[in-house]
Structures are given as structure tokens and as C-alpha cells.
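The values are calculated or read from the model by the stated rules, or taken from the named source; none is laboratory data. From a predicted model like this one, the values you see are computed outputs, not experimental measurements. Reconstructed Cβ throughout: ideal geometry from the backbone, glycine too, with neighbour counts over all protein chains shown.
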């Protein structure tokens, strides 16, 4: 039986490997994700080990407001110079150095544009001299207040050289410095981890990066001979008190690396999610392949039963074929995954500014995941065909049998039940009834919904396929293709379901993001009463900002009625983290953003007063006259009195502070400006004048309201494109499924095709018949995908109504494009099977058994 199975496998190796290719692609994502995260994780470890080389103990003040990765930048609390003297006085301290190193020093390049960074910070530092790690390559150290040095990576990116006068943006507006030196790192590296660095003299670094003199970000300590790191850490901690975090250099390095790995784990989950999609689609393909092969081998399997093979042996035979396919696919997928992981790590390193990569790692999780997933998916997909094969009666070997269509009752009932389960799970997840398991519940609901729809598809395939095929029924090949595509509803349904998954996901995501863009655009257009907006595109955790002096100068331009600068920060309000805002002109809350007072006065705001939205007031049980204690990123806690409550909206902050409070924000500069014109003033007259005021703020620009809204919503286009590109893999696998189904179908119908050729069907007509069959199946799958995706997207949009996504926007153009692409996919998928069908030898085909 084993030898017979191997011979059967070798006889069908091409078609089985074709189905196994779907598993290869899925396994590639799984193993590639683990290879990528392992390689980058060890690279981050090496980067921070270098960065904290020579640091035995590190002292840092506890941050005043804890900020999550997705909420913005963590602002370090300042360490006073007096604390540095305390540390130096601790027995066992050989050397203690005050360090200023904060993200936010943006160099203006030779082209007048700010050098940007997609990931690594742009540090502003105090120059601490050369070391074993860091050496000056050109020039000298900074000595005067208007001198800086930069690392070689930043000098190359900005195209600046020693002696140039360059602009730098910090907490302060643009200031011009003389570049007096360029430094690099050991190992001929231009940077550590792609970080851009600007080093000032210590007093200037303190003022520009921390906002005050005689303070530091942290203190690095070197231990005296014979003193252990842990012992010195404990001694220093006792000396400085509980307001500080005191760690060994190894601890700080590990914590910094762990923070980046946490963000990397999110990316890992995304790749694994797309792997799951690819494997789900691959399951349909493998199930269909084995079903067709079992149907083709009916007489062969019946003959084996007749000569003594048991049903269990027949099941084992089919499962063994699946195991062999799974093993081969897992090996190929693992190899491809290692290559993809290495490529992605290389690209990540380049995008991160030249991250030095460690050696390529293949962790055990990649190998176990590859073989575990590859084998399980293939065997599970082959189980139903295997059970079907075991039920073939021995008498089938004695006659020319055709596999009759089985009733669709059981599969329809099963599909209805599974779909209902999926709908319930989606309702629980989207309506917030799943608690901490919301994401898992939604994903399970989507999975059950796809499987349920796939089970229901045979019920609707025959009438829908017949209707679609009517478009091509004007010729004999068209009528034959139409009939062929509907003759086996189960096979057509499984093939179409594979395409449905990919298109449904793309359609669903497009519906959600287009609805979000439409809702944001509508709210902004209906609410913002400003003709011009000053803003910039945010490419990292730090939003672009501009000089507050621009606001006063813009207000003096003829034709300008109101100018408002908006500030933002993450703060704690009565101990709870909340996003807060401040406005340079609080009257703009009503006059520009259309806010309506529900209690108190919102037209003015004293230095000790605060405004809150109605939702915030309700959730915190506060009213006019209530006291709220606010801790900002900088400064000390301050108590404010609620003087007004305004109706919540999508364009207003939950809490508004007086403009004076912005000096203690993480970014004490306006991040957006709104200019309302007087009646009769023209945008074309005022906009150039405002633009000229922004010459020293190259991160931002001024645009009319419609262009601003488009700029803000366009940020959703990038994730949409990434998702569409990754989900294209599922569509590629579905195309393989159509090719495989048609190729096997051509083999199955060899005798039928021979007879058609014998009675006059020409080669070109044969090819058109196969092509019509493929196009109908493709369009059917795309139609299913568009319908299911629209339904899922609409459900998510409905669930997000309270989050501000109120308008359902259906991407009719893209949905039409998907249907058009489906027809093209069908034509492409039909090429090889159609050519093979056309080349069939008529006499041999008629005699084919």
C-alpha cells in the first residue's frame, strides 16, 4: 500500500506541488516573520550594548507622564545639576557625567528642507568628548554657543560639511549654528542604529533640548576599581532617593532594546496575520485538489478495495500523500521564509538609517512553525477527500462510474450554522461585549464568516454562475464553458471561495478606511471655519511644529480676522492620562471650531481656569467650579478650576488649558494654526503672505482648508496600500487554485474533450471554452468577495459610529476594478489549461479510460 501511494504521488507530482505552492507561500510568511524579528532583535541588542558601553550605572528621573508607544514621545523628567553632585559624592563612583540626549533636534539640510527620520530618533545632545566608541573624523569639538558637531550619517543626509552655517529646530524656533565637526563610531560606522545626532555645548543643549539650564536627561556613572555594578547601583539609589530610576548599564540597555522589540512584535503579528490569510486560501486550494484527484481515481481506489485494501488503508494512502506534499512545501517555505526574512531585515536596516544587522538568525520557532503549519494545514485539508475515498465501493472498479452530485442539504445547514456563529462573534466583538478578548473575537468571527459563506457557496453557485455565463453564451464555446462552470457546484464553490477571501478582505479594509476618510472630511468641512491652515505631515512620533511668533505676524496681515495656534500634549488629569490642548486664542473654540457651551463660559480662559468637553465632564463627574489637578510633560502639577463645558466633537480636544500652560508641553510650540479671513478677503491674497512667514519653519506649510483636509486623510492611504499589497498574496494563491482546478478538470474530461473535438470543436474554440469557464469562476469569486467584504466593512463602520466614523462610503470604483481584474485573472489562469486542452490527441482522448 505504501509503494502504491508513492507511485500515485509521483504520477501526480506536478498538480500536487502546484497545490503545495499555496502552503509554501503561507509558510514563507510564518518563518520569515520569526527570522526577521530574531535578526532585528539581536541587532537592537547589539546597538544598545554599544550605546551603553562603558556605563556601569545610569540615573534618570521618573517621567512626569507615562506615554505609550502609540501615544507619542516619552518626555524624560529633568535631573538637576545638584543631583549630579550627589552622585559624584557616592563612595565607589569613579566618574559621573551629566547627559543631555533628547529627540527633537531637526537639522535643515543644504536644500532648505528638514532631514527626516522614519523610526530612529533625532537626538540633540551635549558634547561629552571623544571615547573608544566615538571619534571626530573632521574638524573639532564645539566651544562656542553657536557651534555644533553632527554624526557622519546626518552630515551625509543633509549634504553639509565643516564650516557650513546650518539651521537647527529644537524646542526653540530655528537657530543658525556653525558646523565645526563631524564624528563617527568604531567599526567605521556613521551612526549607532541610524540615529541622527546634533551635539551642542552643554548649556546650549540644556536650554534648547530641555528648556532650562543646569539640568540633564540622565547621569552616567563609571564604577571605581573593585566595585560591582549592582552594589554601586544600590548605593547611588539610596543617595538620590525614590524620585529616580537607578539601573545598571546592562539593565538600561536591555530595557531600551525590549521597548523596540515590543514594537517589532506588533509587526510580527501583522506578518503572521497575512500568513493565516494565505494558509486559509491555501486550504481551499488543497481541499479542491485532493477532492478532484480522489474523483479521478475512483476506479483505481475501488480496485484497491476489491483486492483487499480496507477503508482505513485508503484513508492512510490519501493522508500519506498529503503528508508528503506538506513536508516538501514546509521545506521550500522555510527556505523562502529565511530569504524573505533576510531581505526584510536588510530593507528595515536601510530605512532605519543604516542599522547594523547582526548575523541572520533562524530561531527554533521558525522551523517548528514552518513544519507545524505546513503539515497541519495540508493534512486537515486532505481529510474530507480521504474520508470520501474510503467510502468508494469495490463494485465501482467493475464499471464506468461517474461521481454523482450529492445533495447540498448537509453542507447548506452547516454553512448556515457556521455563518450564524461568525455573525454572533462579530457582533460581540464589534459591540464591545468581548472584554479583553475583543480582537480575538472579531478575528474568530471573520474566520467563521468566511468558512460559513464558503459552505453556503455551492447552494448559490449554479444559478449565479449560470447567470454570469449568459454573458458569454452567444457562441458554442461560450455555452459549453457556461455549462462546465456550473456542472459541479462544490468544485466551483471551493475554487471561487479561495478568490473570495482575498478580495473580501481588501474590499472590507477599503470600505472601512474610505468611510473613515469620508467621515473625517465631512466633519472637518462642516466644522472648521478657517480658510487657511498651517500644518505639516507627521512622519514619526513627533508632529511638526512652528514658531509661535508666526501667529502674531499672521494676525497683522490685512484681511485676517482670527489666527489660532493649537498645542497638544499627553497629561494626567486627576491622575488619569488624557490628551489635552491649548489655544493661543480661546475664542477660536467657538468661532473657528463651532463649539457650543453647555455650561459656564467658553469664550475666555484665565491662567488658573480649564475647559472640558461634555463627554469628559460626564465621565469624570465634574461641573463648572470643579477642581482638576493637571500634570504636564514638564513642570509641576497645577490645579485648575473648570470655568466652562463645551459640547464634544471630533475636532475639539477633551480638555483645553490656557495658552500659558503650553510652555510645559512636550512640544511647547504650536503644531497647527488656523487662519480665518474677514468677509471679502481673498485666500489667494493672504496665503502667500502667511507662507513667507514660515520661511524658518520648513516642517510646515500653509494650505487652504480643502487641501488641509486632503492632507490629513491621505495619511490613511499608506496603510491601505500596504494591506492591499500583502493581501495580493491571497489573490495570487487563488489564481493558482483556478489554474489547478482547470488543469485537473481538463484531465478528468479528457475523453469528453476528445469527443467534442471529434464532432467538430476546433482548437481555438476549445481554448475559448476553457477560458469562459475560468472567467466565470473568477468573476463569481470576485462578486462573492465584494459582497462579503462590503458587508464586513459596513458592520465595522457601524460599530465605530461612536468613534466618529459616521458615513458609510462604498468604493464603487474599486469594486468595479476588482470585478474587471477578476475577468483578467480568469483569462490568465486559463492559458495553460486551455493550451493543454487544445493539444489533446483526439483518437487517444476518445480511447482514454
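Things to note:
- Members of the stretch 103-128 that are in a loop (DSSP other than H, G, I, E, B) and either modelled with pLDDT of 90 or more or farther than 25 Å from residue 49 by Cα (or both): 105, 109, 110, 111, 112, 113, 115, 116, 127, 128
- Among the helices (runs of 4 or more DSSP H) confined to the stretch 404-504, the ones with at least 1 residues that are surrounded by 22 or more Cβ atoms within 10 Å (Cβ to Cβ) and modelled with pLDDT of 80 or more are located at 409-430, 438-469.
- Looking across the stretch 489-539, the residues that are over 16 Å from residue 717 (Cα atoms) and out of contact with any helix residue (DSSP H, G or I) (no Cβ under 8 Å at 6 or more places or on another chain) come down to 522, 523, 526, 527, 536.
- Residues in the stretch 798-815 that are within 11 Å of residue 786 (Cα to Cα), part of a helix (DSSP H, G or I) and touching a helix residue (DSSP H, G or I) at 6+ places or on another chain (Cβ under 9 Å): 814, 815.
- Test: residue in the stretch 749-759 that is in contact (Cβ under 8 Å) with a residue 24 or more places away in the chain, surrounded by 19 or more Cβ atoms within 10 Å (Cβ to Cβ) and part of a strand (DSSP E or B): no
- Residue match in the stretch 257-264 (condition: buried (at least 18 other Cβ atoms within 10 Å of the Cβ), under 24 Å from residue 43 (Cβ atoms) and at pLDDT 75 or above): yes
- Among the residues listed as 579, 593, the single one being surrounded by 20 or more Cβ atoms within 10 Å (Cβ to Cβ) and either touching a strand residue (DSSP E or B) at 6+ places or on another chain (Cβ under 7 Å) or assigned by TED's automatic domain parsing to the domain that holds residue 635 (or both): 593
- For residue 509, the test of being under 30 Å from residue 196 (Cα atoms) and either more than 34 Å from the chain's Cα centre (by Cα) or in a helix (DSSP H, G or I) (or both) is failed.
- Of all residues in the stretch 196-217, at least one satisfies being in contact with a strand residue (DSSP E or B) (Cβ under 6 Å, 6 or more places away or on another chain) and under 30 Å from residue 32 (Cβ atoms).
- The residues of the stretch 657-710 that are more than 21 Å from residue 112 (Cβ to Cβ), buried (at least 19 other Cβ atoms within 10 Å of the Cβ) and out of contact with any strand residue (DSSP E or B) (no Cβ under 7 Å at 6 or more places or on another chain), listed by number, are 664, 667, 668, 709.
- Filter result (part of a loop (DSSP other than H, G, I, E, B) and under 21 Å from residue 661 (Cα atoms)) within the stretch 533-559: 542, 543, 544, 545, 546, 547, 548
- Subset of the stretch 625-655 [more than 12 Å from residue 595 (Cα to Cα) and part of a strand (DSSP E or B)]: 627, 628, 629, 630, 631, 638, 639, 640, 641, 642, 643, 655
- Qualifying residue in the stretch 555-567 (condition: assigned by TED's automatic domain parsing to the domain that holds residue 661 and closer than 18 Å to residue 75 by Cβ): yes
- When the test is whether a residue is in a helix (DSSP H, G or I), at pLDDT 90 or above and on the phi < 0 side of the Ramachandran plot, residue 710 does not pass it.
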